[in-house]
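The values are calculated or read from the model by the stated rules, or taken from the named source; none is laboratory data. These figures come from a predicted structure and were not determined experimentally. Positions of Cβ are generated from backbone atoms using ideal geometry, with glycine treated the same way; all protein chains shown enter the neighbour counts.
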Amino acid sequence: MITLSETWLKPTDGVDLMGMPIFHLDGYQDPIRRDMVGNRGGGVLAWVSNSLVCKRRSDLEIESAELMWLEMHCNNYKFYLA
């Protein structure tokens, strides 16, 4: 897994003219992002290996906090990453 903070990305950044993500890395799923809101800055992004099962847990996120929750499954274990 690779994570970045302070990405300063907006929802329109990182997609081609067809709306497909361009921040692709071989061996990794398409990036999971929580982009900055307005002009406040911030933003986080995660690339997850193709060998892991992962889903974003927006239901655990707080709007005022710059963080993203991911639920991971690996070798019959479940864990969370914020």
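Brief remarks follow.
- Set side by side, the residues 68, 72 differ, and just one is in a loop (DSSP other than H, G, I, E, B), in contact with a strand residue (DSSP E or B) (Cβ under 7 Å, 6 or more places away or on another chain), hydrophobic (A, V, I, L, M, F, W, C) and at pLDDT 90 or above, which is 68.
- Among the residues of the stretch 54-65, those that are under 17 Å from residue 42 (Cβ atoms) and in a loop (DSSP other than H, G, I, E, B) comprise 61, 62, 63, 64, 65.
- Residues in the stretch 39-57 that are of a type in the set (Ser, Thr, Tyr) and either closer than 18 Å to residue 5 by Cβ or surrounded by 10 or more Cβ atoms within 10 Å (Cβ to Cβ) (or both): 49 only.
- Exclusive hit being in contact (Cβ under 8 Å) with a residue 12 or more places away in the chain and assigned to a loop (DSSP other than H, G, I, E, B), set 17, 45, 25, 4: 25
- Within the stretch 57-68, residues that are farther than 21 Å from residue 8 by Cβ have Cβ atoms under 6 Å from residues that are in a loop (DSSP other than H, G, I, E, B) in these pairs: 57/69; 60/69, counting only partners at least 6 apart in sequence or on another chain.
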